Amino acid sequence: MNSTNDDIPLNRKDSVEEPFLPPPAHQSKPTEKQHSVALIAAVVSFYFIISLSVVFLNKIIMSGSSEFPYALFVTWYQLVVALGLLLIWSQLGKSYKLFSIIPPYEFNMMVAKRVAPLTFVYVGMLVLNNLCLKYVEVTFYQVARSLSINFTILFTYVILGKKTSGPALVACFIVFLGFVIGSYGEINFSWAGVIYGVGSSAFVALYGIYVQKTLGAVDNNQWKLLHYNTTLAIIFLSPLLLFSGEITEIVSTSDIIYTTNFWILMTITGITGFGINIAMFLQVKYTSALTNTISGTAKACVQTVLAAMIFQNPISGLNALGIALALFGSGYYGWVRYQERISK
């Protein structure tokens, strides 16, 4: 499940990726962590592998070789897998220190009511993200979802009343320019894909803001928040899935659900989606804010190149320019935000 980068120690809402793990509690000034090069390389590599796997596997399911265009069911099933892994991991944590990063599962109705508004945003973000992947090529995916930075600045000002610096606004303009040029130059252009991408970007930005407002309800523990978010998301999606007619259509028209390979692929995608949480946690713990910023931008570049090689998507000159501008603007924004935080 995506989340599909994002101001990790800075604040996951500052980037453009697949937000699963809520950002850690705010720190006034990021600290550089001293760890071996081998450990940092292993952590970053793990993040790359997991994050890329989520995007490519979802694309294969939604509109690739599997041709299973049921975004609500895909999202719901992957959430069920994630919840199952949360329960197993939290139980193992009681006996094995290796798994102790995730606390025992909890679900309190009073806390759930406080988390519910965030979960509505979370569900919208995940569903729109999968719908975006359904309609756009992976090479264009980063561009289609690049406006999360712009929405973050807009919502931060409208909701929180906070202004943004000039350099950050310049970065946002570059991203927007890349979005416009990339969309105009996209050979396999899809209005549906662009609309879902913009919608997903808006929800990514809202999610980052609401996470900061909601963490206090779970003692600033991102794993407890994940417990509630995942559980509530399944509850909220279940009636929506039933009323959408997807279940009926899947049973009556989709032969692929009767194959073992399909369920293996779906389950692996759910596992990698959950793995994003672990990868982000490790990257926050064992690397620095600057490393996270560079890692997120580099991963987006690798994702675009690999998508062009694997899916053989045609890329026009304008499309390539738009992709480059969107990636550069996103990376520059991350750098600006990092500089602003270390200067405080």
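A few notes on this one:
- The residue list 70, 47 contains one member that is in contact with an Asp or Glu (Cβ under 7 Å, 6 or more places away or on another chain) and surrounded by 20 or more Cβ atoms within 10 Å (Cβ to Cβ), which is 70.
- Of the residues making up region 44-95, those that are farther than 21 Å from residue 284 by Cα and out of contact with any helix residue (DSSP H, G or I) (no Cβ under 8 Å at 6 or more places or on another chain) are 65, 84, 87, 88, 91, 94, 95.
- Residue check for residue 251: more than 18 Å from residue 54 (Cβ to Cβ) and open to solvent by less than 50 Å² (accessible area, probe 1.4 Å): no
- Qualifying residue in region 318-337 (condition: touching a Leu at 6+ places or on another chain (Cβ under 6 Å), within 30 Å of residue 230 (Cα to Cα) and in a helix (DSSP H, G or I)): yes
- Any chance residue 250 is touching an Asp or Glu at 6+ places or on another chain (Cβ under 9 Å), of a type outside the set (Lys, Arg) and farther than 24 Å from residue 86 by Cβ: no
- Residue satisfying all of: in region 82-113; open to solvent by less than 20 Å² (accessible area, probe 1.4 Å) and modelled with pLDDT of 90 or more; farthest from residue 221 (Cα to Cα) among these: 82
- With respect to the conditions (1) modelled with pLDDT of 90 or more; (2) buried (at least 24 other Cβ atoms within 10 Å of the Cβ), residue 137 lacks only one, and its number is (1).
- Candidates 244, 238, 330 - the one that is open to solvent by 10 Å² or more (accessible area, probe 1.4 Å) and in contact with a Ser or Thr (Cβ under 8 Å, 6 or more places away or on another chain): 330
For (1) hydroxyl-bearing (Ser, Thr, Tyr); (2) under 22 Å from the mean Cα position of the chain (by Cα); (3) open to solvent by 20 Å² or more (accessible area, probe 1.4 Å), each residue gets a yes or a no:
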| position | (1), (2), (3) |
| --- | --- |
| 183 | yes, yes, no |
| 186 | no, no, no |
| 191 | no, yes, yes |
| 194 | no, yes, no |
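- When 311, 262, 274 are checked against the criterion of being farther than 30 Å from residue 341 by Cα, open to solvent by less than 40 Å² (accessible area, probe 1.4 Å) and at pLDDT 80 or above, a single residue qualifies: 262.
- Region 215-230 residues that are open to solvent by less than 10 Å² (accessible area, probe 1.4 Å), paired with ones that are among the hydroxyl-bearing types (Ser, Thr, Tyr) and not in a helix (DSSP H, G or I) (beta carbon under 8 Å, 6 or more apart): 227/105
- Scanning region 158-179 for residues that are in a loop (DSSP other than H, G, I, E, B) and out of contact with any Phe, Trp or Tyr (no Cβ under 9 Å at 6 or more places or on another chain), we see that the one that is surrounded by the fewest Cβ atoms within 10 Å (Cβ to Cβ) is 161.
The values are calculated or read from the model by the stated rules, or taken from the named source; none is laboratory data. Everything numeric here is computed off the predicted structure, so don't read it as measured data. All Cβ positions, even for glycine, are placed from backbone atoms using ideal geometry, and neighbour counts span all protein chains on display. The area values use the complete protein model at the heavy-atom level, side chains included, leaving out ligands, DNA and RNA. Shrake-Rupley method; radii C 1.70, N 1.55, O 1.52, S 1.80 Å.
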